[in-house]
Amino acid sequence: MSDVSELTFLKSFKGMDQLVHNGFIFQYERENNGKRIWSCILNHKVDCRGRVHTVGATVKEIKEHNHEPDKDEIIVRRCFNEIIEQANNEPEDPKILYVYKKLPDGFRRGVGRID
Ligand SMILES: [Zn+2]
């Protein structure tokens, strides 16, 4: 059940760190005795109780998901993150801006720029 690895994160639409683990995405919930508790981002959408906690770079699964992992969702979100990073690094590049301007407003606001 436990697994030691480098932690991988994405930025959420609100600019919060999200933990990526075994094909699932988790949002930070709270800290408890030095453990950081993360809950599945689908907990409201499909009533998933999936949870992990982290201590340093160690991830421990404490509750299982009621759905399959979604690797495509992670790829899409990582692309969004990269587009925003590129837009911040190359603010005048018309190709990047073209794609960037198609992202949802909430996502741009959370991860970086509003324009
Ligand atoms: Zn889940």
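For the reader, a short list of remarks on this structure follows.
- Considering the conditions (1) at pLDDT below 85; (2) of a type outside the set (Lys, Arg); (3) farther than 24 Å from residue 6 by Cβ, residue 47 is excluded by exactly one of them, (1).
- A single entry from 59, 76 fulfils the requirement of being in contact with a Ser or Thr (Cβ under 9 Å, 6 or more places away or on another chain), more than 9 Å from the ligand (Cβ to nearest atom) and either over 19 Å from residue 9 (Cβ atoms) or among the hydrophobic types (A, V, I, L, M, F, W, C) (or both): 59.
- Flag for residue 33 being exposed (fewer than 13 other Cβ atoms within 10 Å of the Cβ) and on the phi > 0 side of the Ramachandran plot: yes
- Of all residues in the stretch 59-80, those being touching a residue at least 40 places away in the same chain (Cβ under 8 Å), within 22 Å of residue 102 (Cα to Cα) and crowded, with 18+ Cβ neighbours inside 10 Å number 1.
- Sole exception among (1) at pLDDT below 95; (2) among the hydrophobic types (A, V, I, L, M, F, W, C); (3) within 13 Å of the ligand (Cβ to nearest atom) for residue 13, by number: (3)
- Qualifying residue in the stretch 77-86 (condition: over 15 Å from the mean Cα position of the chain (by Cα) and part of a loop (DSSP other than H, G, I, E, B)): no
- Taking each residue of the stretch 36-58 that is over 18 Å from residue 71 (Cβ atoms) and looking for partners that are part of a loop (DSSP other than H, G, I, E, B) and more than 10 Å from the ligand (Cβ to nearest atom) with beta-carbon atoms closer than 8 Å, six or more apart or interchain, yields 54/7; 55/34; 57/5; 57/6; 57/7.
- The lone exception for residue 38 - which of (1) more than 15 Å from the ligand (Cβ to nearest atom); (2) of a type outside the set (Asp, Glu); (3) more than 22 Å from residue 100 (Cβ to Cβ); (4) buried (at least 18 other Cβ atoms within 10 Å of the Cβ) it fails: (1)
The values are calculated or read from the model by the stated rules, or taken from the named source; none is laboratory data. Note that this is a predicted model, so its numbers are computed, not measured. Ideal geometry is used to build each Cβ from the backbone, glycine not excepted, and the neighbour counts take in all protein chains shown.
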